[in-house]
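The values are calculated or read from the model by the stated rules, or taken from the named source; none is laboratory data. Everything numeric in this text was worked out from a predicted model, so none of it was measured. Neighbour counts run over all protein chains shown; Cβ positions are idealised from the backbone, glycine included.
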Amino acid sequence: MKAIQVTPSKPNSLELVDVAVPEPKKGQVLLEVLKVGICGTDRDIIAGFYGESPSGASKLTLGHESLCLVSSLGPGVKEPFKKGDLVVPTVRRSCPENCLNCRSGQSDFCTTGDYKEHGIKQLDGFASEYALSDSNYIVKLPSALSMTGVLLEPLTVVEKGIIQTFLIQDSRLNWKPRKALVLGAGPVGILAVALLRLRGLQVDAVATRSEESLKARLVRQTGAGYINAKKTDLHTLDGMYDIVFEVTGSPAIALEAQDLIRVNGVVCYLGIYRQEQDTMQDVGKLFTDLVLGNKIHFGSVNANKSYFERGAKDLILIKRRWPDLLGKMITKGSKPEDLSRAYSPETQEEIKTVINFR
């Protein structure tokens, strides 16, 4: 079978190779891969920034965003799965020490750091014609998501961020948020806008594309506002929002996020920030504002199975409310053989690129 692999830490080692179809072991499911989504994490692994191959192997199969069919069940796997089910496997697996959070099904809060992640860290991903997953980490999808279910994994990042935001705020004060801001309008940003709109909030999204761009049009399709950062200084938005989601990965923009929230507001950081970027910031003012404003900052990464299950339901709600939104987010489809096109740098109108294995 065909698989898309890299040699971790070796820049630009991306290749399409022939490997044997794996056999499911006890508790595993063999998946027939339909689609694999591409994101910045994949491009960073290809560039050699990070990534770890499975124990005893020199290469890593990419792909943590996927949409699959159940092909066969390994020993001991019974209901609720059967051949032909449309499914999405989660990404992270519990640490060998089985820490307190991993034991409770919250591997996204692993305390040891020894977790494994498909397509990223010590587990082959799903960018192959067939792939394996532990049956305990698979979520079934309805057939209505057969074209757009590949967006479930990026949606779960937002699901977790929003749920954690409300858990934090509801536990510390009487809170009735009205306005939210999303910094960034890539796939995660647009999905964040959609989920916040489903919760009934007024939402604005900030990005650098023009008001006529596809990203801007999709944001406005949800009833949210779109702000062109090239025309509007972020400081003009200071103190306007109860919630800010920062998804750009820019340290400079992340530092500005605190000024954008009201007293008692909350900022959720979902980006990965390059540490070599210098920023000019009055640190004393930042922390004083944090204290005097009773403000909350927190980061969120990965998502456990519960967020995938919640996300599958919310994808259906998004599809019902804005029928063509999810489909329009998938702006480029490629075959596995066309690696250079699939993993090329993003274009201005690109939102989500998908590799179609079937």
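Pairs linking a residue in region 218-235 that is in contact (Cβ under 8 Å) with a residue 40 or more places away in the chain to a residue that is surrounded by fewer than 16 Cβ atoms within 10 Å (Cβ to Cβ) and assigned to a loop (DSSP other than H, G, I, E, B), with Cβ atoms under 9 Å and 6 or more positions apart or on different chains, are Gln221/Asp324; Tyr226/Glu211. Take region 82-95 and flag every residue that is out of contact with any His (no Cβ under 9 Å at 6 or more places or on another chain) and part of a loop (DSSP other than H, G, I, E, B). Residues satisfying the conditions are Lys82, Lys83, Gly84, Asp85, Ser94, Cys95. Screening Thr90 with (1) crowded, with 24+ Cβ neighbours inside 10 Å; (2) over 26 Å from Pro22 (Cα atoms) gives one miss only, at (2).
Residue check: is Glu159 part of a helix (DSSP H, G or I) and either surrounded by 16 or more Cβ atoms within 10 Å (Cβ to Cβ) or of a type in the set (A, V, I, L, M) (or both)?
On the way: part of a helix (DSSP H, G or I): yes; either surrounded by 16 or more Cβ atoms within 10 Å (Cβ to Cβ) or of a type in the set (A, V, I, L, M) (or both): yes.
Taking the combined requirement at face value, the residue satisfies it.
Tell me yes or no: at least one residue of region 106-124 is buried (at least 19 other Cβ atoms within 10 Å of the Cβ), touching a Pro at 6+ places or on another chain (Cβ under 7 Å) and more than 20 Å from Lys160 (Cα to Cα). Checked against the condition, which is being buried (at least 19 other Cβ atoms within 10 Å of the Cβ), touching a Pro at 6+ places or on another chain (Cβ under 7 Å) and more than 20 Å from Lys160 (Cα to Cα), region 106-124 yields at least one hit. Take the conditions assigned by TED's automatic domain parsing to the domain that holds Lys35 and not hydroxyl-bearing (Ser, Thr, Tyr) and apply them to Lys335. Does it pass? Yes. Set side by side, the residues Lys160, Lys121 differ, and just one is assigned by TED's automatic domain parsing to the domain that holds Lys352 and of a type in the set (Lys, Arg), which is Lys121.
The number of residues in region 3-26 that are among the small types (Gly, Ala, Ser) and over 23 Å from Arg358 (Cβ atoms) comes to 2.
Based on this model, can you work out whether Ile316 counts as under 13 Å from Lys215 (Cα atoms) and out of contact with any Gly (no Cβ under 6 Å at 6 or more places or on another chain)? In short, no.
For region 253-283, the candidate set comprises residues that are among the aliphatic types (A, V, I, L, M) and in a helix (DSSP H, G or I); within that set, the residue that is modelled with the highest pLDDT is Leu260. Examine region 236-252 for a residue that is within 23 Å of the chain's Cα centre (by Cα), more than 12 Å from Val203 (Cα to Cα), at pLDDT 95 or above and assigned to a loop (DSSP other than H, G, I, E, B), and state whether such a residue exists. The answer is yes; a qualifying residue exists. Among the residues of region 27-81, those identified as β-branched (Val, Ile, Thr), outside any strand (DSSP E or B), touching a strand residue (DSSP E or B) at 6+ places or on another chain (Cβ under 7 Å) and within 26 Å of Thr353 (Cα to Cα) are Ile45, Ile46.
Here is the figure for region 292-330: residues that are at pLDDT below 95 and under 22 Å from Gln221 (Cβ atoms) total 0. Annotation note: of Thr353, Thr331, the sole residue that is in contact with an Asp or Glu (Cβ under 7 Å, 6 or more places away or on another chain) and in contact (Cβ under 8 Å) with a residue 60 or more places away in the chain is Thr331.
Would you please name the residue that is surrounded by the fewest Cβ atoms within 10 Å (Cβ to Cβ), looking only at residues in region 60-87 that are touching a Phe, Trp or Tyr at 6+ places or on another chain (Cβ under 8 Å) and either among the small types (Gly, Ala, Ser) or at positive phi (or both)? Once the filter is applied, the top-ranked residue is Ser71. The lone criterion from (1) within 20 Å of Cys68 (Cα to Cα); (2) at pLDDT below 95 left unmet by Glu350 is number (1).
Condition check: free of Cβ contacts under 8 Å to residues at least 24 places away in the same chain, within 19 Å of Thr208 (Cα to Cα) and surrounded by fewer than 17 Cβ atoms within 10 Å (Cβ to Cβ). Does Asp282 satisfy that? Break it down stepwise before answering.
Details: free of Cβ contacts under 8 Å to residues at least 24 places away in the same chain: yes; within 19 Å of Thr208 (Cα to Cα): no; surrounded by fewer than 17 Cβ atoms within 10 Å (Cβ to Cβ): yes.
Spelling it out, it is not the case that Asp282 is free of Cβ contacts under 8 Å to residues at least 24 places away in the same chain, within 19 Å of Thr208 (Cα to Cα) and surrounded by fewer than 17 Cβ atoms within 10 Å (Cβ to Cβ).
A residue that is in contact (Cβ under 8 Å) with a residue 24 or more places away in the chain and over 17 Å from Lys140 (Cα atoms) can be found somewhere in region 308-318. In region 161-183, the residues that are farther than 21 Å from Thr222 by Cα reach residues that are in a helix (DSSP H, G or I) with C-beta atoms within less than 8 angstrom, at least six apart or across chains, in these pairs: Trp175/Gln169.
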